[in-house]
Amino acid sequence: MHFSIKKLGPGLLFAGAAIGVSHLVQSTRAGAEYGWGLFWVVFIAHLFKYPFFQFGTRYALATGESLLDGYKKLGKAYLWGFFIMSLGTMFTIQTAVTIVTASIAVVFFDSDQSLLVWSTLITLACLAILWKGKYSLLDRIIKWIILVLTISTLVAVFIAGANSPQTLTLKQELPQLSAFVFLAALMGWMPAPLDISVWQSLWALEKKKNKAISIKEGLFDFNIGYVISFFLGVCFMGLGAFVMYGSGDTFSASGSVFAKQLIALYTSTLGESVYYIIVIACFTTIFSTTLTTLDASPRSMAKTASLLLPSFSFLHYRFWILILAAGTLGIFIFLQNEMGTLVQIATVLSFVTAPFYAFLNYKLVTSPQMPKEHQPKKGLKIMALVGFVFLCMFTLSFLVLAL
């Protein structure tokens with residue numbers, strides 16, 4: 001297989017979308033509170049969700065259609081289900097990632113401006129990037145963001161591990177029932193919600209318009225992004241474990257206070273010399289998520305609307321991106337004090353809807369809609385079935401305990 005770096009793109013966009021709240025907030029918090037005790041969650045989440053994310057790229061490149069086209073062929077009810085669930089979560093998800101980006105920007109730029117001001121500026125900046133360049137500009141920017149993120153995070157973890165006074169073990173543990181909501185949130189957004197598989201299929205098709213790529217090249221690209229996501233998930237857990245575990249400090253629910261605590265705890269142990277390494281790692285992590293989610297949700301909603309409501313031609317990409325930006329800013333203005341609750345709702349909803357997307361993606365790539373020669377091999381099918389059972393059992397357990 002002849003492979004060019006220019007053919008990388010959708011896999012890195014996946015990494016950019018995935019590496020955000022799940023890594024920077026949830027994974028770091030897991031490391032701070034449990035050391036390496038929840039490494040199994042990061043590993044299991046990546047392992048059992050892998051087939052269903054990969055199916056997005058596989059189906060798109062094999063058929064020339066997105067997963068949304070496939071859902072419609074399976075039955076309009078499935079597509080309506082996706083549309084309703086996406087409409088119910090996309091504003092909260094966008095708000096959650098933007099508020100974390102704004103919180104870190106306040107620290108990064110040492111600004112006395114409010115989170116509302118920074119959230120507005122970040123939203124408008126992302127909107128301008130996507131409005132002007134759409135996919136091609138996003139494709140170019142994300143490669144640099146992921147490069148900076150990976151290098152700065154790796155350096156930070158190396159220094160933290162070298163300077164850490166903690167004696168950490170790899171003993172794994174299951175949190176108490178009182179922490180089960182946190183476990184569900186970590187699992188739900190690690191590496192990402194499963195509906196991102198739909199985004200992945202749309203990005204793969206956009207990339208194919210600009211550059212011819214084979215299925216093998218597309219899957220290789222996706223695997224690179226997925227490995228980066230896992231690697232950085234472990235790195236951020238390591239930062240939390242090396243720097244914060246056993247310190248006795250607890251994180252604030254306030255975004256700006258959390259960002260200050262995060263960076264202050266790092267620099268107090270690692271030294272002021274690595275301050276900008278930490279801040280750059282944190283900011284690029286969450287900014288990449290804010291940018292890619294602001295692109296992907298409108299992209300998927302526009303496609304869904306075109307399939308379900310073809311006569312409503314105004315429901316295109318730019319319509320949805322404006323709606324999402326306006327809705328996000330509206331939440332900032334009117335529901336800012338409820339952000340902690342909103343983030344938790346968003347992460348838990350992502351967790352409990354995972355079996356729905358897992359079922360749809362597996363059903364689609366093993367259906368007659370998928371060319372036989374490109375259907376997943378037996379080993380991947382077995383992994384998918386085991387993953388589906390795990391997601392169902394874990395979701396059921398959560399619902400029983402929560403109710």
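The values are calculated or read from the model by the stated rules, or taken from the named source; none is laboratory data. Everything numeric here is computed off the predicted structure, so don't read it as measured data. Positions of Cβ are generated from backbone atoms using ideal geometry, with glycine treated the same way; all protein chains shown enter the neighbour counts. Calculation scope for accessible area: heavy atoms of the full protein, side chains included, ligands and nucleic acids excluded. Shrake-Rupley method; radii C 1.70, N 1.55, O 1.52, S 1.80 Å.
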- Item | Exclusive hit being modelled with pLDDT of 95 or more and closer than 30 Å to residue 282 by Cα, set 52, 39, 91 | 52
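Condition test on residue 146, is it within 23 Å of the chain's Cα centre (by Cα) and at pLDDT below 80?
Details: within 23 Å of the chain's Cα centre (by Cα): yes; at pLDDT below 80: yes.
Yes; evaluated as a whole, the condition is true for this residue.
Which ones in segment 36-81 are outside any helix (DSSP H, G or I) and within 11 Å of residue 201 (Cβ to Cβ)? Spell out the reasoning first.
The first filter runs over segment 36-81 and keeps only residues outside any helix (DSSP H, G or I), leaving 36-38, 64-66, 75.
64, 65, 66, listed by residue number.
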- Is it true that some residue in segment 352-370 is open to solvent by less than 70 Å² (accessible area, probe 1.4 Å), closer than 22 Å to residue 75 by Cβ and touching an Asp or Glu at 6+ places or on another chain (Cβ under 6 Å)? yes
- Please indicate, with yes or no, whether at least one residue in segment 253-263 is farther than 22 Å from residue 117 by Cβ and either more than 21 Å from the chain's Cα centre (by Cα) or modelled with pLDDT of 75 or more (or both). no
- Message: Exactly one of these conditions fails for residue 310: (1) open to solvent by 10 Å² or more (accessible area, probe 1.4 Å); (2) in a helix (DSSP H, G or I); (3) more than 16 Å from residue 124 (Cα to Cα); (4) not acidic (Asp, Glu). Give me its number.
- Response: (2)
